[in-house]
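Chemist: Questions regarding the structure given below will be posed in turn.
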Amino acid sequence: MKAKELQAMNKNELETKVADLKAELFNLRFQLATGQLQNTMVIQGVKRDIARCMTVLRQLEQKDAQ
């Protein structure tokens, strides 16, 4: 997911996206533990998407505070 796509979202959409990504990360970790995950790089990509969402959320909070 691109940062520009995330910046177009509002705060509620971003919070929902973070929750969905965290659930996906949990499922991927579970698959990794059981040996079902073929591509482990997917975990890294999901972590980066979560970080991007959190960064955009923080930017929105800072903009609202001003």
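Chemist: How much accessible area per residue does the chain have, counting only protein heavy atoms and a probe of 1.4 Å, in square angstrom?
Modeler: Details: 5020 Å² over 66 residues.
So the chain comes to 76 Å² accessible per residue, rounded to a whole number.
Chemist: Something else about it: Mind checking the full-extension length gain between Glu13 and Leu37? Use 0.36 nm per residue of separation minus the Cα-Cα distance, one decimal, nm. Intermediate results must be reported in sequence, preceding the final value.
Modeler: Values: separation 24, 0.36 × 24 = 8.64 nm, distance 2.84 nm.
Contour length minus Cα-Cα distance gives 5.8 nm.
Chemist: At a threshold of 8 angstrom on Cα-Cα distance, excluding pairs fewer than six apart, so keeping six or more, what relative contact order does the stretch 1-60 reach in percent? If you can, show how the numbers build up before the last one.
Modeler: Values: 32 pairs, mean separation 31.8, N = 60.
The normalised contact order for the stretch 1-60 reaches 53 percent.
Chemist: I've got another one for you. For Lys47, go through the lysines and keep the ones whose alpha-carbon is under 22 Å away, minus same-chain ones fewer than eight residues off.
Modeler: Hits, sequence-local ones excluded: Lys2, Lys4, Lys11, Lys17, Lys22.
Chemist: Along the stretch 33-38, what does the Karplus equation 6.51 cos²θ - 1.76 cosθ + 1.60 (θ = phi - 60°) give for ³J(HN,Hα), rounded to whole Hz, x for Gly and Pro?
Modeler: 5, 8, x, 8, 7, 8
Chemist: For a quick check of understanding: with a 1.4 angstrom probe and all protein chains in place, what accessible area in square angstrom does Met1 have, to the nearest ten?
Modeler: 80
Chemist: What trypsin sites (Lys or Arg not before Pro) does the stretch 1-35 have in DSSP loop regions with at most 16 other beta carbons within 10 Å? Walk me through the intermediate numbers first.
Modeler: Numbers: sites: Lys2, Lys4, Lys11, Lys17, Lys22, Arg29; in loops: Lys2.
Listed in order of number, the matching sites are Lys2.
Chemist: Dividing the convex hull volume of the alpha carbon atoms of the chain by its residue count, what do you get in Å³ per residue? Working shown, then result.
Modeler: Details: hull volume 4.7 nm³, N = 66.
Here the figure is 71 Å³ per residue.
Chemist: Keeping the other protein chains in place, figure out the carbon and sulfur percent of the accessible area of the chain, with a 1.4 Å probe. Walk me through the numbers on the way to the answer.
Modeler: Details: 2530 of 5020 Å².
Its accessible area is 50 percent carbon and sulfur atoms.
Chemist: On to the next question. What value, in deg cm²/dmol to 500, does the helix sum -39500 (n - 2.57) over DSSP H runs of n ≥ 4 give at 222 nm once divided by the residues of the chain? Provide the component values of the computation, followed by the final result.
Modeler: On the way: 3 runs with 54 residues, N = 66.
Mean residue ellipticity at 222 nm (helix-derived): -27500 deg cm²/dmol.
Chemist: Give the peptides 33-43, 55-65 in descending order of average Cβ contacts within 10 Å, highest first.
Modeler: 55-65, 33-43
Chemist: Output ³J(HN,Hα) for the stretch 54-66: one whole-Hz value per residue in order, computed from phi by the Karplus curve 6.51 cos²θ - 1.76 cosθ + 1.60 with θ = phi - 60°, and x for Gly and Pro.
Modeler: Per residue, the Karplus-derived 3J(HN,Hα) values read 5, 5, 5, 4, 5, 5, 5, 4, 5, 5, 5, 6, 7 Hz.
The values are calculated or read from the model by the stated rules, or taken from the named source; none is laboratory data. In this text the structure is predicted, and so the values were computed from the model without any measurement. Neighbour counts run over all protein chains shown; Cβ positions are idealised from the backbone, glycine included. What goes into the accessible areas is simple: the full protein's heavy atoms, side chains included, and nothing from ligands, DNA or RNA. Shrake-Rupley method; radii C 1.70, N 1.55, O 1.52, S 1.80 Å.
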